[in-house]
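Heads up, the thing below is written out as structure tokens.
The values are calculated or read from the model by the stated rules, or taken from the named source; none is laboratory data. All figures in this text were calculated on a predicted structure; none of them were measured in a lab. Cβ coordinates were reconstructed from backbone atoms using ideal geometry, including for glycine residues, and neighbour counts include every protein chain displayed. Heads up: the accessible areas ignore ligands, DNA and RNA and are worked out on the full protein's heavy atoms, side chains in. Shrake-Rupley method; radii C 1.70, N 1.55, O 1.52, S 1.80 Å.
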Amino acid sequence: MDPIISPMSVFHRKDDPMRLLKNIPVLNKKPMRDIIYDHLRKAIVRGELKADSAFTDGEIAKEFGVSRTPVREAVQRLEAEGYIERVPMKGNRVCSVSPFELANSLATRKALETLALRYAALRITAEELASLEKLLAEADKVFAEFSGEELLDRFFPIVKKFNKIVFEACRSERLTEFIWILRELFDRFTVMRIVLPERTHKSLLRRKKLYAALAARSPDEAAAVWAEHLEESFVIWREKSGYSEELADFKFL
């Protein structure tokens with residue numbers, strides 16, 4: 001049986017130079033392998049564990065104060081999902097992603113998200129539409145009162161809440177799961193933080209158009225609005241991330 005770890009355990013020490021992770025939570029009765037998996041995955045997505053950095057099962061086991069068995073199970077799951085790779089005699093390496101693979105992932109995201117929005121246009125509820133309208137009004141207020149970095153900091157959470165409602169309105173848990181997995185990848189490489197400052201006002205305008213399409217129950221219009229949005233996102237990301245030459249011939253379908 002996996003042990004229950006006290007909040008006073010050693011991994012809370014701030015003076016340990018060997019610590020790899022930050023803010024390890026107080027552990028509860030959730031299976032240890034799941035706790036370790038969740039925390040490692042979040043550390044990778046948030047950039048705590050950066051691409052190409054390495055760690056061993058033993059280091060993680062020491063920080064959590066557990067045996068290597070639950071660590072090995074968590075790491076195997078991360079490897080299967082493409083977050084890390086096993087390196088013989090060295091441990092685990094956090095995977096990096098090539099510009100070409102990121103571009104392909106963005107194209108996959110376009111396919112999945114436009115499909116979800118087609119279904120959302122048919123299935124969204126009046127309550128969800130009211131929540132979207134409230135978020136758009138909140139965004140208008142933010143735009144009227146703030147600018148620059150403060151505008152971005154306040155607008156970004158509104159965008160995330162808006163997106164969550166519209167995608168989950170498709171009523172397919174599997175489809176939205178795929179969408180969130182891909183979006184985690186782009187969070188990891190700060191794609192949204194590259195794109196959003198370049199078209200903040202247009203981002204709000206597009207969401208207003210998307211709201212109108214959803215309210216009109218128009219799958220084609222909802223998909224068209226979002227396809228245009230992501231196509232523009234791709235162009236901005238390609239240019240601002242420095243990959244314009246590498247991706248010059250990439251067809252964003």
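Summary of computed values
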{"quantity": "Projected label distance in nm at residue 193 and residue 79, using a 7 Å step from Cα toward the beta-carbon", "calculated": "3.0"}
{"quantity": "Dipole moment magnitude, nearest 20 debye, the chain about Cα centre, only Lys, Arg, Asp, Glu C-beta charged", "calculated": "480"}
{"quantity": "The chain, relative contact order [Cα under 8 Å, separation at least 6], %", "calculated": "20"}
{"quantity": "Helical mean residue ellipticity (222 nm; -39500 (n - 2.57) per DSSP H run of 4+; nearest 500) of the chain", "calculated": "-21000 deg cm²/dmol"}
{"quantity": "Positive-pole candidate from 78, 237, 117, dipole of the chain, charges at beta carbon", "calculated": "78"}
{"quantity": "Between 0 and 90°, nearest 10: helix 68-80 axis offset from the chain longest Cα axis", "calculated": "30"}
{"quantity": "Rounded accessible area of residue 83 (nearest 10 Å², 1.4 Å probe)", "calculated": "30"}
{"quantity": "Å³ per residue enclosed by the Cα convex hull of the range 25-150", "calculated": "204"}
{"quantity": "Helix axis angle, 99-123 relative to the chain longest principal axis, alpha carbon, degrees", "calculated": "60"}
{"quantity": "Two-site label geometry, residue 232 and residue 48: point separation in nm, points 7 Å out along Cα→Cβ", "calculated": "3.6"}
{"quantity": "Overall form of the range 168-242 per C-alpha gyration tensor (a/c, 1.5; a/b vs b/c)", "calculated": "oblate"}
{"quantity": "Fully extended contour minus Cα-Cα distance, from residue 141 to residue 164, at 0.36 nm per residue", "calculated": "6.2 nm"}
{"quantity": "Residue-span extension gain [residue 250 to residue 128] - 0.36 nm each, minus C-alpha spacing", "calculated": "40.3 nm"}
{"quantity": "The chain - percent of accessible surface contributed by carbon and sulfur, probe 1.4 Å", "calculated": "53"}
{"quantity": "Residue 175 paired with residue 239, simple spin-label distance in nm, labels 7 Å along Cα-to-beta-carbon", "calculated": "3.2"}
{"quantity": "For the chain: rounded, prolate or oblate by the Cα gyration tensor [a/c cutoff 1.5]", "calculated": "prolate"}
{"quantity": "Residue-level accessible surface for residue 131, protein heavy atoms, 1.4 Å, Å²", "calculated": "50"}
{"quantity": "Average accessible surface area per residue within the chain, 1.4 Å rolling probe, Å²", "calculated": "55"}
{"quantity": "Distance violations [Cα-Cα > 31 Å] among 50/160; 30/160; 134/251; 42/209", "calculated": "134/251; 42/209"}
{"quantity": "Test item: Cα-centred dipole of the range 148-220, Lys/Arg +1 and Asp/Glu -1 on Cβ, debye", "calculated": "300"}
{"quantity": "Rounded Å value of the spacing that divides the Cα centres of the range 133-186 and the range 82-128", "calculated": "17"}
{"quantity": "Volume per residue of the C-alpha convex hull in the range 104-184, rounded to whole Å³", "calculated": "94"}
{"quantity": "Cα shape, the range 107-253, gyration tensor, a/c 1.5 rule", "calculated": "oblate"}
